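In what follows, a structure is listed as structure tokens, so that the remarks can point back to it.
The values are calculated or read from the model by the stated rules, or taken from the named source; none is laboratory data. Everything numeric here is computed off the predicted structure, so don't read it as measured data. Cβ atoms come from the backbone with ideal geometry, glycine included; neighbour counts cover every protein chain shown.
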Ligand SMILES: Nc1ncnc2c1ncn2[C@@H]1O[C@H](COP(=O)(O)OP(=O)(O)O)[C@@H](O)[C@H]1O
Ligand SMILES: [Mg+2]
């Protein structure tokens, strides 16, 4: 189901307090994605001191959907992904993944990590801007690390699967190379293979090509494009590659100032944006 344009508007009604604090209840906010949502943010805020980075955010992604987030620097895009990876804690609000509560936080309350949080967290993989590979380990070792140590997968099986994944990202020959022996583009493709090794239901990308030299971007985008077209994984990508976002996304969400300004199919966002903020942003970024 293609979500409606209204799905992430800032004008969505605030989530009632009692629902935010009661995990497991049916979601009260009609966001357009509805029962299909695999990722759901309801009334999520994130503050660093007086810096209100996310402001009562309501945001859904449907199972299997490929969603790109665009928007200016500092608007909270990375924070959304890091909350999903449990690398940051929301200040308030409810986040569910695949029907399970990842975060349920009352304002001012201390958040505890639960077993359920760790299990839910395993459904999600992330590809970082700066690759974040272990520099002293080979490509293969980087990929098998989590399957062996987190999932308890047998080493031989993990290695076999890692070799297949390296083939998938076009790096079969680099299995025994360490990150310093590889280009940034190759390292990022290893990072994608590493995320896939955990068989995530949801794959997050945080500006996966913005740290790369221009001539290395294409190979990384090809790998992501291939995943988008051939898998039913849910993909949520923050990107400045506007043409790429237009091509592979089911939906594009324009972010500004801690909230979604506009959400819709790529044809709407890039050809016929409804919000002035989207228009000014796209004019600025498409100029060069
Ligand atoms: N660990 C942190 N401590 C304090 N402020 C932070 C931290 N991480 C992010 N911020 C602030 O949160 C805001 C949004 O950051 P971010 O989510 O990285 O934005 P984007 O990815 O859209 O550029 C920025 O103002 C940034 O300075
Ligand atoms: Mg960012």
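Among 173, 123, which is more than 16 Å from ligand 1 (Cβ to nearest atom) and farther than 25 Å from residue 232 by Cβ?
From the options 173, 123, the qualifying one is 173.
Would you check which residues across the stretch 176-216 are in contact with a helix residue (DSSP H, G or I) (Cβ under 7 Å, 6 or more places away or on another chain), more than 16 Å from ligand 1 (Cβ to nearest atom) and farther than 19 Å from residue 137 by Cβ and list them?
203, 212, 213, 216 - these are the residues of the stretch 176-216 that are in contact with a helix residue (DSSP H, G or I) (Cβ under 7 Å, 6 or more places away or on another chain), more than 16 Å from ligand 1 (Cβ to nearest atom) and farther than 19 Å from residue 137 by Cβ.
Looking only at the stretch 243-269, how many residues end up being surrounded by fewer than 19 Cβ atoms within 10 Å (Cβ to Cβ) and within 16 Å of ligand 2 (Cβ to nearest atom)?
Matching residues across the stretch 243-269 total 1.
Kindly list, by first and then second residue, each pair from a residue in the stretch 117-137 that is on the phi > 0 side of the Ramachandran plot and in contact (Cβ under 8 Å) with a residue 12 or more places away in the chain to a residue that is surrounded by fewer than 20 Cβ atoms within 10 Å (Cβ to Cβ) and in a loop (DSSP other than H, G, I, E, B), limited to pairs with Cβ atoms under 8 Å and residues at least 6 apart or on different chains.
131/211
Please enumerate the residues belonging to the stretch 71-89 that are more than 10 Å from ligand 1 (Cβ to nearest atom) and surrounded by 23 or more Cβ atoms within 10 Å (Cβ to Cβ).
84
Looking at 225, 189, 279 in this structure, which one is part of a helix (DSSP H, G or I) and over 29 Å from residue 87 (Cα atoms)?
Every option except 279 fails the conditions.
Name every residue in the stretch 13-47 that is under 20 Å from residue 88 (Cα atoms) and at pLDDT below 95, in order of residue number.
20, 21, 23, listed by residue number.
What number of residues in the stretch 208-221 are surrounded by fewer than 14 Cβ atoms within 10 Å (Cβ to Cβ) and under 30 Å from residue 274 (Cα atoms)?
Looking only at that region, the number is 1.
Looking at the stretch 57-70, which of the residues that are within 16 Å of ligand 1 (Cβ to nearest atom) and either touching a helix residue (DSSP H, G or I) at 6+ places or on another chain (Cβ under 6 Å) or farther than 20 Å from residue 264 by Cα (or both) is modelled with the lowest pLDDT?
Step by step, filter the stretch 57-70, then rank; the result is 59.
Scan the stretch 228-263 residue by residue and report those that are assigned to a strand (DSSP E or B) and farther than 27 Å from residue 166 by Cα.
Within the stretch 228-263, 251, 252, 253, 254, 255, 256, 259, 260, 261, 262, 263 qualify.
Hey, among 219, 250, which residue is at pLDDT 95 or above and in contact with a strand residue (DSSP E or B) (Cβ under 9 Å, 6 or more places away or on another chain)?
250
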